Structure formats: structure tokens, C-alpha cells
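*Asks:* I'd like to ask some things about the structure below.
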């Protein structure tokens with residue numbers, strides 16, 4: 001915000017026009033997903049400032065919104081896949097330390113993310129070309145979902161299911177979970 005609005009900008013004097021200037025500037029250097037996240041952060045900060053009496057009046061946002069869902073869907077459809085290929089994963093495993101190798105296996109085979117593995121140190125081989133550990137999780141979801149057992153894939157990944165069906169579902173059979181992981185392994 002400071003870079004585009006200036007250090008001397010007075011927060012409570014910001015206008016919707018100022019915020020749209022910020023949004024336009026951000027859109028030149030960010031993809032639609034990052035832009036949406038940044039717009040969300042700015043809105044939260046400004047709302048927090050008002051709700052905690054740091055500014056006297058709320059900032060009016062006008063059209064300062066996240067990109068529309070249809071715009072996000074189009075951008076995602078146009079974007080190149082960031083999934084790791086099997087060959088790339090094998091190269092990562094060859095170059096990785098023993099703990100990182102375990103984490104890569106957990107990411108690819110179980111859909112674990114970095115938080116699931118605890119505090120991770122950055123490994124130069126895994127974080128490259130705009131891809132990181134979470135791409136392994138994306139890969140698990142994508143390939144596991146192709147098996148056709150969406151509920152088992154969601155369960156393995158730890159996704160919360162708050163549907164009515166989930167309320168009545170006692171468990172998902174281990175055979176279903178194993179079938180998904182076998183599919184991801186290619187076996």
C-alpha cells in the first residue's frame with residue numbers, strides 16, 4: 001500500500017478512487033489469485049483500523065473488490081499446470097536430504113502440506129519455478145481425484161466435510177483409502 005499510495009497518505013482520507021489506483025497498480029505485477037488475496041488483505045487491514053478506533057470513520061471501498069469468480073476461473077483455465085511430473089519428483093527425491101525425502105513422499109502419497117509435516121526448512125531443489133511443496137498436495141488431489149472416489153481423496157487430505165451426509169457417515173473403509181493411494185502411486 002505504501003509503495004502505491006505513498007507514505008504520507010492519510011488512511012481515513014482514502015477514497016474509492018485511491019483504492020482503485022492501488023488495485024490497477026497491483027494487477028500489473030500479480031496474477032488474479034494473488035491480486036484477490038492482496039485486495040482481501042488491504043480490506044481487512046482498513047476494516048481493522050476502523051473497528052479498533054485507529055481511524056475515525058470507515059474507509060469506503062467502492063469497487064475495490066477481489067477479481068470476479070468468472071475472471072478467476074478463466075485465469076485458472078489459461079494457466080499452465082504447476083504439477084510436478086513423475087520424472088521431476090524422482091529428481092527431487094534423488095537430490096533431497098532424508099527428512100525432505102520423507103516430506104516429499106508424504107506430500108505426494110498422502111496429500112500432506114508443509115504444515116502437516118511441521119516446520120520445514122526451505123530446500124532449494126523443491127522450491128523452484130514458482131512451485132513449492134504445496135504443488136505435491138495439488139498433485140495428490142488431482143491424481144487421487146481421477147480415481148473417482150472423491151470422498152476418500154478428501155478424507156486422506158484432511159479436508160473438512162460439513163455436509164449432512166458427513167454427519168451420518170461413520171467412516172470411510174480403509175480399502176477405499178488404499179485404492180486412492182494405490183492409484184496415485186500408479187499401481
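Derivation of every value follows stated rules applied to the coordinates shown; laboratory data play no part. Remember, predicted model here, so these are calculated numbers, not experimental data. Heads up, the Cβs are rebuilt from the backbone with ideal geometry, glycines too, and the neighbour counts pull from every protein chain shown.
*Asks:* Can you pull the Rg over Rh of the stretch 1-52, Cα-only, Kirkwood? Each step should come with its number before you reach the end.
*Replies:* Working: Rg = 11.1 Å, Rh = 11.5 Å.
Rg/Rh: 0.96.
*Asks:* Based on the Cβ-Cβ distance from residue 57 to residue 33, what FRET efficiency comes out when R0 is 25 Å, to the nearest 0.05?
*Replies:* On the way: r = 31 Å, r/R0 = 1.25.
It comes out at approximately 0.20.
*Asks:* If you rank 116, 161 by fewest surrounding Cβ atoms within 10 Å, what's the result? Before the final figure, lay out the partial values.
*Replies:* Working: 116 15, 161 11.
In increasing order of surrounding Cβ atoms, one gets 161, 116.
*Asks:* Which of (1) 1, 8, 17, 21, 22, 17, 10, 3, 1, 0; (2) 1, 7, 12, 13, 12, 12, 12, 12, 9, 6, 3, 1, 0; (3) 1, 7, 14, 17, 16, 13, 10, 8, 6, 4, 3, 1, 0, 0 is the computed P(r) over Cα pairs in 5 Å bins from 0, in percent for the structure on display?
*Replies:* Only one option fits the structure, namely (2).
*Asks:* Also, quick follow-up: Quick one: compute the contact order of the stretch 86-185, relative version, from alpha carbon pairs under 8 angstrom and 6+ residues apart, as a percent. Don't skip to the end; give the middle numbers.
*Replies:* On the way: 79 pairs, mean separation 28.7, N = 100.
Taking the mean separation of contacting Cα pairs over the length of the stretch 86-185, I get 29 percent.
*Asks:* Follow-up. Could you give the angle, 0 to 90 degrees to the nearest 10, between helix 16-27's Cα long axis and the longest principal axis of the Cα atoms of the chain?
*Replies:* So the helix axis and the longest Cα principal axis differ by about 40 degrees.
*Asks:* Now, a different point. Using Cα atoms only, what is the angle between the long axis of helix 32-51 and the major principal axis of the chain, expressed in degrees (0 to 90) to the nearest 10?
*Replies:* So the inclination is approximately 50 degrees.
*Asks:* Relative to the present Cα-Cα distance, how much length would full extension add between residue 41 and residue 170 at 0.36 nm per residue of separation?
*Replies:* Details: separation 129, 0.36 × 129 = 46.44 nm, distance 3.84 nm.
Length gained, residue 41 through residue 170: 42.6 nm.
*Asks:* When the helices in the chain are scored as -39500 (n - 2.57) per DSSP H run of 4 or longer and the sum is shared across all residues, what 222 nm value do you end up with, to the nearest 500 deg cm²/dmol? Please report the intermediate quantities before stating the final value.
*Replies:* On the way: 11 runs with 112 residues, N = 187.
The helix contribution divided over the chain gives -17500 deg cm²/dmol.
*Asks:* Hey, another quick one. For residue 49 and residue 163, what is the calculated FRET efficiency with R₀ set at 41 Å and r taken between the beta-carbons, to the nearest 0.05? Don't jump to the answer; show the numbers that get you there.
*Replies:* Details: r = 37 Å, r/R0 = 0.91.
Calculated transfer efficiency: 0.65.
*Asks:* Moving on to the next point. Report, to the nearest 10°, how far helix 69-78 tilts away from the longest principal axis of the Cα atoms in the chain, using its own Cα long axis and a range of 0 to 90°.
*Replies:* Relative to the chain, helix 69-78 is tipped by roughly 50 degrees.
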